[in-house]
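A.B. asks: This structure is in structure tokens; I'll ask about it shortly.
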Amino acid sequence: MKKNIIISGASGGIGKEFIKFYCDDPNVEKVFALSRKMNNVNNSKIKSIKVDYFNEETFDNLDDILLLESISTIIIASGILHTDQIKPEKSIDGVDLVTLQKVFQVNVFGPTLLVKKLLPLIKKSEGVKIIFLSARVGSISDNKLGGWHSYRSSKSALNMMVNNLSIELQRINKNHIAIGIHPGTVKSKLSEPFLKNVKHNIFSPRESVELMAKVISNIDQKDSGKCLDFSGKIIAP
């Protein structure tokens, strides 16, 4: 049976590359591309659906997806670190409520509510892999620099949600898996302002997606609830 795949955050650099990657896979029948922007696509494999994490009513646009017989993989590639109005905080005195709410909405609340909406489809599927784009900076034990309060805290919260979800999914079907995955440092609009001081490898979106896709392909039940990096190594909580 050919696979159906959902990719949320489809208009971002990594989301777009995930779509291209899975469209090239002959074993994939349909890729559902979820984004705040409707994408103009010329590929019959792709169905573009408008979803806005700030407006839960748009999740009603997913009702047709819920009619599918099964889903094999859900990739939530959305995330926010900064915008023209939002800057990562260097100190606690730079934190404000509006920024906290926006960052948590995109990085935690929206993905959680999306999985809630898709739960009926997950329940009738056999062996769903649910992948959340996380970040190494969400690791509490690995944090030696501080700063970036909203972003770090939101990714830590996301990792806890992934762990919680994995426990619940095991009660539904032991073949279901949920993980967080760190894509590495990827050249994109999200990371561009911070690349000048990076001393480790910087990936293109395609390179990152190819590495993550290999990890996704190889994960099994023992990995569920964990946060892995692009090479498959466990990131400490």
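The values are calculated or read from the model by the stated rules, or taken from the named source; none is laboratory data. Quick caveat, the model's predicted, so the values are computed rather than measured. Here Cβ is always computed from backbone atoms with ideal geometry, including for glycine, and neighbour counts include all displayed protein chains. Please note that ligands, DNA and RNA were not included when accessible areas were found on the heavy atoms of the full protein model with its side chains. Shrake-Rupley method; radii C 1.70, N 1.55, O 1.52, S 1.80 Å.
A.B. asks: Say whether the condition of being in contact (Cβ under 8 Å) with a residue 24 or more places away in the chain, open to solvent by 30 Å² or more (accessible area, probe 1.4 Å), in a loop (DSSP other than H, G, I, E, B) and closer than 16 Å to Ser8 by Cα is met by at least one residue in the stretch 79-86.
C.D. replies: Checking the stretch 79-86: at least one residue is in contact (Cβ under 8 Å) with a residue 24 or more places away in the chain, open to solvent by 30 Å² or more (accessible area, probe 1.4 Å), in a loop (DSSP other than H, G, I, E, B) and closer than 16 Å to Ser8 by Cα.
A.B. asks: Right, something else. How many residues are open to solvent by less than 50 Å² (accessible area, probe 1.4 Å), at pLDDT below 95 and more than 16 Å from the chain's Cα centre (by Cα) when one looks only at the stretch 100-138?
C.D. replies: Within the stretch 100-138, residues that are open to solvent by less than 50 Å² (accessible area, probe 1.4 Å), at pLDDT below 95 and more than 16 Å from the chain's Cα centre (by Cα) number 1.
A.B. asks: A further question follows. Just give me the residues in the stretch 138-163 being more than 19 Å from Ile92 (Cβ to Cβ) and assigned to a loop (DSSP other than H, G, I, E, B), in sequence order.
C.D. replies: Residues satisfying the conditions are Ser139, Ser141, Asp142.
A.B. asks: Out of Ser154, Ser166, report the one residue that is of a type in the set (Gly, Ala, Ser) and touching a helix residue (DSSP H, G or I) at 6+ places or on another chain (Cβ under 7 Å).
C.D. replies: Ser154
A.B. asks: Taking Glu57 and the conditions (1) assigned to a loop (DSSP other than H, G, I, E, B); (2) more than 19 Å from the chain's Cα centre (by Cα); (3) of a type outside the set (A, V, I, L, M), which numbered condition does it fall short on, given that it satisfies the others?
C.D. replies: (1)
A.B. asks: Restricting attention to the stretch 33-77, report how many residues are closer than 21 Å to Lys129 by Cβ, open to solvent by 20 Å² or more (accessible area, probe 1.4 Å) and free of Cβ contacts under 8 Å to residues at least 40 places away in the same chain.
C.D. replies: Adding up the residues that qualify gives 4.
A.B. asks: Cβ-Cβ distance below 7 Å, separation of 6 or more or different chains: which pairs start in the stretch 171-187 with a residue that is closer than 12 Å to Ser224 by Cα and end on one that is of a type in the set (Val, Ile, Thr) and open to solvent by 10 Å² or more (accessible area, probe 1.4 Å)?
C.D. replies: Going by the 7 Å Cβ cut-off, the qualifying pairs are Ile177/Ile219; Ile179/Ile219; Ile181/Val215.
A.B. asks: Here's a follow-up. Does Ile71 qualify as being modelled with pLDDT of 95 or more, closer than 27 Å to Ile177 by Cα and part of a loop (DSSP other than H, G, I, E, B)?
C.D. replies: The answer is yes for Ile71.
A.B. asks: Hey, another quick one. Look through Phe104, Phe132 and report the one residue that is in a helix (DSSP H, G or I), within 24 Å of Gly13 (Cβ to Cβ) and not aliphatic (A, V, I, L, M).
C.D. replies: Only one candidate passes the filter, namely Phe104.
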